[in-house]
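Notes follow the structure.
The values are calculated or read from the model by the stated rules, or taken from the named source; none is laboratory data. Quick caveat: nothing in here was measured; it's all calculated off a predicted structure. When we count neighbours, we look across all protein chains shown, and the Cβ atoms used for this are built from the backbone with ideal geometry, even at glycine.
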């Protein structure tokens with residue numbers, strides 16, 4: 001069914017609560033993700049944007065089950081990932097990969113690049129011997145713009161941008177259909193960021209990849225994604241096509257975020273600000289979680305949480321609509 | 001009127017037996033009351049240049065050239081003399097406010113202690129100035145805040161506290177090193193707004209170090225674009241953003257994704273920032289420059305004065 005609608009991944013009512021404390025401390029429930037639903041279209045990119053503590057990274061990790069969800073479902077190509085056994089999951093992992101912000105911490109510093117990129121190939125039985133592995137790694141490195149002659153080097157011998165290319169080569173090595181990109185360019189310089197964003201777009205087209213692109217940077221998400229979900233305090237407050245959301249934001253938080261971004265054009269517009277800071281996921285505000293910072297907040301916003309409703313061609317969680 | 005004049009400044013340090021020239025023969029004049037941003041990517045030397053002014057660099061770092069401030073060359077001053085200037089006539093704020101605060105002390109104890117030592121005044125007198133200064137940075141209830149510990153405050157609040165502390169001495173120069181880079185977008189906007197308002201009111205001369213072109217565009221009067229230890233372009237922020245003259249500035253502006261009416265394609269800059277222990281000959285940008293000619297590979301261009309703009313490029 002999912003293929004008919006063109007959706008590769010359908011996430012529904014995803015909840016992830018972390019329990020902290022115990023024994024000597026009272027238990028605290030951290031509501032990192034509190035009931036989010038979204039879909040990723042085949043061959044397309046969904047951007048997930050939010051500030052720290054919004055739960056965006058936890059969403060990315062739970063749908064790959066790198067973190068176990070509390071409840072909800074994630075239907076990937078007709079199969080609920082959350083219901084798979086560990087053994088079944090292992091086979092599925094090949095189809096879903098992740099690239100992190102800091103490639104250095106996701107690579108074993110004592111392994112050579114050929115083994116870092118080649119390991120998933122061996123594990124998933126894509127290649128059987130050393131020669132095949134090396135020629136496949138060479139091909140992969142070439143496709144991400146790294147000279148294959150460097151495959152016998154170690155991670156520390158590369159720059160941040162090159163390491164991110166290597167991490168991407170590793171992710172695509174097993175021919176996945178879906179990749180979670182968790183702030184993949186946030187640690188990089190502007191000029192290198194542009195290279196990596198371009199590379200990710202080229203690979204998407206070439207390999208028909210679907211991305212979940214997680215970032216705090218609105219401009220980058222706008223550049224990368226067809227659709228965007230804005231997260232605040234564990235919830236998706238607005239979801240729609242990037243152009244719509246960024247051109248004509250409906251949720252007051254999206255609007256505030258957009259006006260907070262300092263744009264590289266002096267004198268064009270002043271930055272506008274909202275008060276306060278993102279709430280703690282331990283004790284989010286009652287009612288609408290954004291109401292203490294919202295310039296439009298009314299009585300109802302303080303007491304009752306708004307439902308996610310369809311407005312125009314998007315979804316928004318706000319009493320104003 | 002210049003508050004600070006940096007002349008032919010070169011900063012070298014050793015990194016595992018390799019000599020690195022983090023800042024190479026840089027000259028710069030800071031005008032009274034202006035905000036001058038140093039922008040560049042990592043390894044451009046922007047932070048080293050900022051910290052060299054107050055000699056806050058690791059031991060073994062060698063400074064050559066001169067940094068004139070109030071008729072004195074800061075490079076030649078002793079540590080004792082510098083201590084009177086640092087955090088007093090020249091104040092600083094940094095990227096990570098938590099590391100600048102002492103986690104064991106309340107905000108009140110910390111601030112009054114620092115200030116009473118700096119200005120050699122009583123703690124009571126210091127406390128009054130501190131409260132006054134916290135009001136300036138729009139902290140609603142300073143007395144309550146003084147009783148709190150750093151970990152009880154949010155990142156934005158901590159940065160406000162440090163801005164307040166930096167302003168208590170009415171500095172002649174403020175050096176702000178990526179003060180909003182660790183903050184969330186909505187909080188970054190608040191701090192930028194605050195810095196702009198303070199600037200409008202008190203006209204504190206500021207050197208603002210940032211990698212974020214958007215932040216630089218919003219906060220600065222003038223801009224110095226740095227690449228591989230050199231200033232490659234210097235001028236009014238509006239002029240540079242409207243018409244960048246140096247190929248690196250131009251390339252940098254094209255590499256940033258923008259929020260706009262339609263999606264504009266970004267243009268990556270090929271290659272990487274050079275290794276400062278072994279920078280390219282000639283113009284340091286030439287291996288990545290689309291316009292590079294023969295001369296660019298062999299001879300280094302100097303920063304030329306074109307009136308309102310300074311530029312280091314053979315082609316302009």
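Just one of (1) within 16 Å of the chain's Cα centre (by Cα); (2) farther than 24 Å from residue A:245 by Cα; (3) surrounded by fewer than 17 Cβ atoms within 10 Å (Cβ to Cβ) fails for residue A:62. It is (3).
The condition of being within 12 Å of chain B (Cβ to nearest Cβ), more than 16 Å from the chain's Cα centre (by Cα) and over 22 Å from residue A:188 (Cα atoms) holds for residue A:243. If you go through the range A:222-232 and keep only what is touching a strand residue (DSSP E or B) at 6+ places or on another chain (Cβ under 8 Å) and either within 12 Å of chain B (Cβ to nearest Cβ) or assigned to a loop (DSSP other than H, G, I, E, B) (or both), you end up with A:222, A:224, A:225, A:226, A:228, A:230. Within the range A:246-257, being within 8 Å of another protein chain (Cβ to nearest Cβ) and either surrounded by fewer than 20 Cβ atoms within 10 Å (Cβ to Cβ) or at pLDDT below 90 (or both) holds for one residue alone: A:247. Per the conditions (1) away from chain A (no Cβ under 12 Å); (2) outside any loop (DSSP other than H, G, I, E, B); (3) under 22 Å from residue B:31 (Cβ atoms), the sole criterion not satisfied by residue B:223 is (1). For residue A:199, state whether it is outside any helix (DSSP H, G or I) and facing chain B (nearest Cβ under 10 Å). It is false that residue A:199 is outside any helix (DSSP H, G or I) and facing chain B (nearest Cβ under 10 Å). Looking only at the range B:258-285, residues that are away from every other protein chain (no Cβ under 11 Å), under 19 Å from residue A:159 (Cβ atoms) and more than 24 Å from the chain's Cα centre (by Cα) come to 2 in all. Within the range A:94-136, the residues that satisfy the criterion of being more than 18 Å from residue A:146 (Cβ to Cβ) and free of Cβ contacts under 8 Å to residues at least 40 places away in the same chain are A:105, A:122, A:123, A:125, A:127, A:128, A:129, A:130, A:131, A:132. Among the residues of the range A:238-253, those that are over 25 Å from residue A:179 (Cβ atoms), touching a residue at least 24 places away in the same chain (Cβ under 8 Å) and not in a loop (DSSP other than H, G, I, E, B) comprise A:252, A:253. Applying the selection to the range B:267-279, what residues are in contact (Cβ under 8 Å) with a residue 40 or more places away in the chain and in contact with a helix residue (DSSP H, G or I) (Cβ under 8 Å, 6 or more places away or on another chain)? Within the range B:267-279, B:273, B:274 qualify. Can you spot a residue in the range A:123-130 that is surrounded by 16 or more Cβ atoms within 10 Å (Cβ to Cβ), at pLDDT below 95 and more than 18 Å from the chain's Cα centre (by Cα)? Yes, the range A:123-130 contains at least one residue that is surrounded by 16 or more Cβ atoms within 10 Å (Cβ to Cβ), at pLDDT below 95 and more than 18 Å from the chain's Cα centre (by Cα).
Just name the residue that is farthest from residue B:162 (Cα to Cα) out of those in the range B:92-110 that are modelled with pLDDT of 95 or more and assigned to a helix (DSSP H, G or I). Checked the range B:92-110; the qualifying residue farthest from residue B:162 (Cα to Cα) is B:109.
Within the range A:271-296, the set of residues being outside any loop (DSSP other than H, G, I, E, B) and more than 12 Å from every other protein chain (Cβ to nearest Cβ) comprises A:291, A:292. Residue count for the range B:181-220, restricted to those that are more than 23 Å from residue B:309 (Cβ to Cβ), within 12 Å of chain A (Cβ to nearest Cβ), touching a strand residue (DSSP E or B) at 6+ places or on another chain (Cβ under 8 Å) and in a loop (DSSP other than H, G, I, E, B): 1.
As a summary of the residue check, residue B:252 satisfies the conditions (1) over 26 Å from the mean Cα position of the chain (by Cα); (2) on the phi < 0 side of the Ramachandran plot except for the one numbered (1). Under the condition of being surrounded by fewer than 16 Cβ atoms within 10 Å (Cβ to Cβ) and part of a loop (DSSP other than H, G, I, E, B), the residues counted in the range B:57-78 number 6. Within the range B:175-184, the only residue that satisfies the criterion of being farther than 25 Å from residue B:31 by Cβ and surrounded by 23 or more Cβ atoms within 10 Å (Cβ to Cβ) is B:183. Here are some conditions: (1) surrounded by fewer than 23 Cβ atoms within 10 Å (Cβ to Cβ); (2) touching a strand residue (DSSP E or B) at 6+ places or on another chain (Cβ under 6 Å); (3) within 14 Å of chain B (Cβ to nearest Cβ). Residue A:321 meets all but one. Which one does it not meet? Single failed check for residue A:321: (3).
Is there a residue being more than 27 Å from residue B:180 (Cα to Cα) and free of Cβ contacts under 8 Å to residues at least 60 places away in the same chain anywhere in the range B:100-117? Taking every residue of the range B:100-117 in turn, at least one turns out to be more than 27 Å from residue B:180 (Cα to Cα) and free of Cβ contacts under 8 Å to residues at least 60 places away in the same chain. Residues that are within 14 Å of residue A:245 (Cβ to Cβ) and in a loop (DSSP other than H, G, I, E, B) within the range A:309-320 comprise A:312, A:313, A:317, A:318, listed in sequence order. For the range B:294-303, the count of residues that are in contact (Cβ under 8 Å) with a residue 24 or more places away in the chain, surrounded by 14 or more Cβ atoms within 10 Å (Cβ to Cβ), farther than 30 Å from residue A:242 by Cα and touching a strand residue (DSSP E or B) at 6+ places or on another chain (Cβ under 9 Å) is at least one.
Residue-level check: of (1) closer than 23 Å to residue A:81 by Cβ; (2) more than 13 Å from chain B (Cβ to nearest Cβ); (3) touching a strand residue (DSSP E or B) at 6+ places or on another chain (Cβ under 7 Å); (4) surrounded by 22 or more Cβ atoms within 10 Å (Cβ to Cβ), residue A:173 misses just (3).
From the list B:250, B:233, the one residue that fits, being outside any helix (DSSP H, G or I) and either modelled with pLDDT under 95 or within 20 Å of residue B:312 (Cβ to Cβ) (or both), is B:233.
Conditions tested, residue by residue: (1) surrounded by 22 or more Cβ atoms within 10 Å (Cβ to Cβ); (2) in contact (Cβ under 8 Å) with a residue 40 or more places away in the chain.
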residue	(1), (2)
B:186	yes, no
B:199	no, yes
B:210	yes, yes
B:213	yes, yes
B:216	yes, yes
B:224	yes, yes
B:241	no, no
B:260	no, no
